[in-house]
Amino acid sequence: MKILLIYPEFPDTFWSFKHALKFIRKKAALPPLGLMTIATLLPENWSKRLVDLNVAPLTDQDLAWADMAFIGAMIVQSQQARTIISRCKSAGLKVVAGGPLFTNEHDHFEEVDHFILNEAELTLPPFLADLAHGEARRVYLTPEFADLRQTPVPLWALANRKSYASMSIQFSRGCPFQCDFCNITALLGRKVRTKQAAQIITEMDSLYELGWRGNIFFVDDNLIGNKHKLKTELLPALIEWRQHRKGITFNTEASIDLADDEALVKLMVKAGFTEVFIGIETPDDNGLISCSKQQNHHRNLVEDVKRIQRAGLQVQGGFIVGFDTDQPSIFQRQIDFIQKSGIVTAMVGLLQAPVGTKLYERLSREGRILGHLSGDNADGTTNIIPAMSLDRLMEGYKSILRNIYSPEHYYQRVRTFLKEYQPPKAVTRVRFKDMLPFFRSVFHLGITGRERFHYWKLLFWTYFHRPKLMTMAVTLAVYGRHFQIICKRQVR
C-alpha cells in the first residue's frame, strides 16, 4: 500500500511568520507533527510519502503514485483542505482525514471516505483492522483518551527538515484549567497525560541523529499542566541530554502561574527553553472572571511577565477583546498593558466561540452564534454577536493593532523587553549562519524599509546598552516586519 500524507497550506496569518521566514530562507515554521506520528502508526511495510504544501506543491505524480491519501488539518486550513480532497478524489484516491478540523466538522466533508477522529492512537488501529478485512467504516471516534506512554516516535525522516525554522515535539496533552472560550479540555480532557521522559529523549536522539541542531517547539497546550512530572522527570532529563549535544533550544506554551514557581522557571531555562507563550487575554479582572480564567485573576500580570523575562524566558502573549464585560476603555487598557509589559509578540484577537466550549453552549442558548470559526485567532473575525456593538468593537480592535504594531511603538516595546531580559548563553551566542539574515535585515529594514529610523535606533541602543542581545534585537525587528504586514492587512 502506498500512502500519501498531505498537510494543507496555511493562509498568511500572525503565526505563519511567512514574511519573517524569508530572511532565514525557510519555507515554514513547523512540520506536521500529527501526520509524522500517524506515519509511524501505519503498517511498517507500507510505503509513505509526506507532502506539506507549506514547503512543496502536491504534484500529479504524487497522486498517481499513491493508493490512498491521509489528510490532517486544523480549522484554519479548511479551504485548502477542501481543494486537496477534491484533487485526491479526482485522481481516484480514497481519502482518510483526521485532526482538529475534521473532529469538529466532519459532517461538512462529504467527499472524505473515512474519518479518524479524536486521538489516532485509539481510532487508527480499528480502522486499519477493518480495512484489512474490507469492512472499513466511515467514522472512527472515541470518548476515551490515549495513553501517551504508547505513542511512537514520529517518522521525522519523511520531512524535508531544511525547509523548517523549527521542529516540533509533544510531552503532554490536556489542561487542568477550564477557560470557557478554549476547546482544549473538550478535545483532550482536563487530566494532563504525559509521555515518559525516556520517550522524549528517544525522540530528541532521533532528531539529533538526523542532523537537527536548531529550535524545537514543545507543542503542549500547557507544558506546566503537570508540574511534578515536568520538574522531576522531563526537565532533569533534558538538562542531562543537552550537556553533550549543542545547538538545541526549546520554546513552548504555559499558563501564567509559571511566574509563581521560580525553581521551575530556572529549570526550564537550564534545560534550554528560551520562549514561552502565555494566554494573558485581558488586564480587566471582570473579563477574566467572565471567561473562567481563574489562574490570571487577582494578579499583577505585568510584574508576572517581567519576572519570567528576567529569569531568561521571552514571553509571547495572547490577548482577547470582545468579552461581554468589556467597556470602551478596554482598547486603551490593552495597549497600555502590552507596551508596559514588553511583550513583543502580542497576538490580539476578537473573542471567538469554538464548538464544544462552554462559551459556545452559552451563546448558542442566547442566539448569539453567527456561524463557523475561521480558525485564525487574530484575523479580526468572530463567530459571535458581541455585547458591545460590532462596529465599536471592530474600531477598537483596529486601534489596538494600529498602535502596537506601528514601527514607533513596536520598537519601543522591543527596547522595554531587552531592558528586562536576562538571557541564557544560547541566546547571546552569535553564529555564522546569523550573518546573512542580518545583512538582509539591514537592506530590507534599515535601508528600504519605512521603519529604518526605528531599526537603526534599536541597533545602536542595543550595541551600547545590551550588546550581547544584538542577535535577539535583529530577530525581533524581522518579526516586526511580518507582524506589521499582517496587521496592516487586517486593519485595511
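The values are calculated or read from the model by the stated rules, or taken from the named source; none is laboratory data. Quick caveat, the model's predicted, so the values are computed rather than measured. Note that we place each Cβ from the backbone using ideal geometry, even for glycine, and neighbour counts take in every protein chain shown.
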Test of understanding: among N226, N183, which residue is modelled with pLDDT under 95, crowded, with 20+ Cβ neighbours inside 10 Å, within 30 Å of G287 (Cβ to Cβ) and not assigned by TED's automatic domain parsing to the domain that holds V112?
N183
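Does the range 121-143 contain at least one residue that is among the acidic types (D, E), under 21 Å from the mean Cα position of the chain (by Cα) and in the same structural domain as P32 (by TED's automatic domain parsing)?
To start, the set of residues in the range 121-143 that are among the acidic types (D, E) comprises 121, 130, 135.
From the residues that got through so far, the ones that are under 21 Å from the mean Cα position of the chain (by Cα) too are none.
Looking for residues that are among the acidic types (D, E), under 21 Å from the mean Cα position of the chain (by Cα) and in the same structural domain as P32 (by TED's automatic domain parsing), one finds none in the range 121-143, hence no.
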Among the helices (runs of 4 or more DSSP H) lying completely within the range 301-378, list those that include at least 3 residues that are assigned by TED's automatic domain parsing to the domain that holds G279 and under 16 Å from I256 (Cα atoms).
301-310, 330-341
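Results for (1) closer than 19 Å to N215 by Cα; (2) of a type outside the set (A, V, I, L, M, F, W, C); (3) in contact with a Phe, Trp or Tyr (Cβ under 7 Å, 6 or more places away or on another chain); (4) modelled with pLDDT under 95, shown as yes or no for each residue.
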| position | (1), (2), (3), (4) |
| --- | --- |
| T416 | no, yes, no, no |
| K425 | yes, yes, no, yes |
| D434 | yes, yes, no, yes |
| S441 | no, yes, yes, no |
| F460 | no, no, no, no |
| F464 | no, no, no, no |
| R481 | no, yes, no, no |
| V491 | no, no, no, yes |
Quick one: in the range 430-479, of everything that is of a type in the set (S, T, N, Q) and in a helix (DSSP H, G or I), which residue is surrounded by the fewest Cβ atoms within 10 Å (Cβ to Cβ)?
T471
Residue pairs, Cβ under 9 Å, 6 or more apart or interchain, first in the range 276-303 and aromatic (F, W, Y), second outside any strand (DSSP E or B). List them.
F277/T345
Go through the range 163-180 and give me each residue that's surrounded by 21 or more Cβ atoms within 10 Å (Cβ to Cβ), more than 19 Å from N251 (Cβ to Cβ) and either touching a helix residue (DSSP H, G or I) at 6+ places or on another chain (Cβ under 6 Å) or among the small types (G, A, S) (or both).
G174
Cβ-Cβ under 8 Å, sequence separation 6+ or interchain: first residue in the range 124-153 and closer than 12 Å to L42 by Cα, partner among the hydroxyl-bearing types (S, T, Y) and surrounded by 17 or more Cβ atoms within 10 Å (Cβ to Cβ). Which pairs?
L124/Y140; P126/Y140; F127/Y140; P152/T37
Take the residues of the range 239-261 that are in contact (Cβ under 8 Å) with a residue 40 or more places away in the chain and touching a Lys or Arg at 6+ places or on another chain (Cβ under 8 Å): which is nearest to G225 (Cα to Cα)?
I256
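From the list F14, F23, pick out the single residue that is over 16 Å from the mean Cα position of the chain (by Cα), within 27 Å of F218 (Cβ to Cβ) and touching a residue at least 24 places away in the same chain (Cβ under 8 Å). Break it down into steps so the answer makes sense when it comes.
On the way: F14 fails: over 16 Å from the mean Cα position of the chain (by Cα).
So the residue among F14, F23 that is over 16 Å from the mean Cα position of the chain (by Cα), within 27 Å of F218 (Cβ to Cβ) and touching a residue at least 24 places away in the same chain (Cβ under 8 Å) is F23.
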Enumeration of residues in the range 331-342 that are within 17 Å of D284 (Cα to Cα) and either crowded, with 20+ Cβ neighbours inside 10 Å or among the aliphatic types (A, V, I, L, M) (or both)
F331, Q334, I335, F337, I338, S341
Quick test of your reading of the structure: N160 fulfils all but one of (1) within 22 Å of K2 (Cβ to Cβ); (2) surrounded by 19 or more Cβ atoms within 10 Å (Cβ to Cβ); (3) outside the structural domain of M36 (by TED's automatic domain parsing). Name the failing condition by number.
(2)
Among L30, L4, which is farther than 16 Å from S374 by Cα, outside any helix (DSSP H, G or I), in contact (Cβ under 8 Å) with a residue 60 or more places away in the chain and under 17 Å from the mean Cα position of the chain (by Cα)?
L30
Tell me, please, whether a residue that is touching a strand residue (DSSP E or B) at 6+ places or on another chain (Cβ under 9 Å) and aliphatic (A, V, I, L, M) can be found in the range 429-446.
no
Residue satisfying condition, being outside the structural domain of D220 (by TED's automatic domain parsing), part of a helix (DSSP H, G or I) and surrounded by 19 or more Cβ atoms within 10 Å (Cβ to Cβ), within set A64, A20, A69
A20
